[in-house]
1. Could you sort out which of Lys35/Lys185; Lys35/Lys108; Lys41/Lys132; Lys41/Lys175 sit more than 21 Å apart by Cα distance in this structure?
2. Note down the magnitude of the dipole of the chain about its Cα centre, charges +1 on Lys and Arg C-beta and -1 on Asp and Glu C-beta and zero elsewhere, to the nearest 20 debye.
3. Please identify the longest segment of the chain free of exposed GluC sites (Glu not before Pro), where exposed means a DSSP state other than H, G, I, E or B and no more than 15 other Cβ atoms within 10 Å.
4. Would you mind calculating the relative contact order of the chain from Cα pairs under 8 angstrom and at least 6 residues apart, reporting the percent as a whole number?
5. Which of Gly78, Gly51, Gly106 ends up with the largest GNM mean-square fluctuation for the chain, with Cα atoms connected below 10 Å?
6. Which whole-Hz ³J(HN,Hα) couplings does the stretch 38-46 yield from phi under the Karplus relation 6.51 cos²θ - 1.76 cosθ + 1.60, θ = phi - 60°, glycine and proline marked x?
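Read-outs throughout are calculated quantities, based only on the coordinates presented, and are distinct from any laboratory measurement. None of these values were measured; they are calculated from a predicted model. Cβ placement follows ideal geometry from the backbone for every residue including glycine, while neighbour counts extend to all protein chains displayed.
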Amino acid sequence: MKSKRIIIILGLILCFQHNTIVASVETMEIYDFKKLETSGKWFIVNDGVMGGVSESNVSWEPEGFLVFEGILSLDYGGGFASTRTWSDVWQMGGYEGIILSVRGDGRKYQFRCRLENTFDGISYRHSFATTKGEWLEIVLPFDEFEPSFRGRLLPSQPNIDPSFIRQIGFMITDKQQGDFRLEVKRIGLYLKG
């Protein structure tokens, strides 16, 4: 898939989640959710891999967004649901972080990156909160991603090198049993101007 580079010049200022003020931002879209063909191939990994019973699915809506939804269960030592996609052609090196456009349910989610196309292993995570029923632009700087393995932080692990990212995805593991729904209109990369 060819990525499009888009220059966004904002009128006065753009105030990011972490109070960083910039006058312009260069972005590169990773996925275009306007068409099914350009939405990527997503798969599910839930807590069933460790005996849990959470359920989730991922689907594409013709209105132009991806939907990750399901039921989180804390039974049998479980408590997470996730969706991922992979690629060997992303060129994320040189960008400062991920930019998302999401509409959630008021719950907290994680955006995750992996440096290998393997099922298990180290992932780099960044949490973000949603506001029920509202579209939000979320900015996730790469230097704030935390390395983890099966839920445990790995402080001795080096920072993420975006040049080697091969998987991205979303996870919910907020210890709140019940329904969840996250809609994703945009996944992109940003570079402050």
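1. Details: Lys35/Lys185 11 Å; Lys35/Lys108 27 Å; Lys41/Lys132 26 Å; Lys41/Lys175 27 Å.
Distance filter (> 21 Å) returns Lys35/Lys108; Lys41/Lys132; Lys41/Lys175.
2. Details: 22 positive and 24 negative charges, 42 e Å.
Computed charge dipole of the chain: roughly 200 debye.
3. Working: sites that count: Glu63, Glu116, Glu134.
Segment 1-62 is the longest.
4. Numbers: 490 pairs, mean separation 53.7, N = 193.
With pairs under 8 Å counted, the relative contact order is 28 percent.
5. Gly51
6. 10, 9, x, 10, 9, 9, 9, 9, 10
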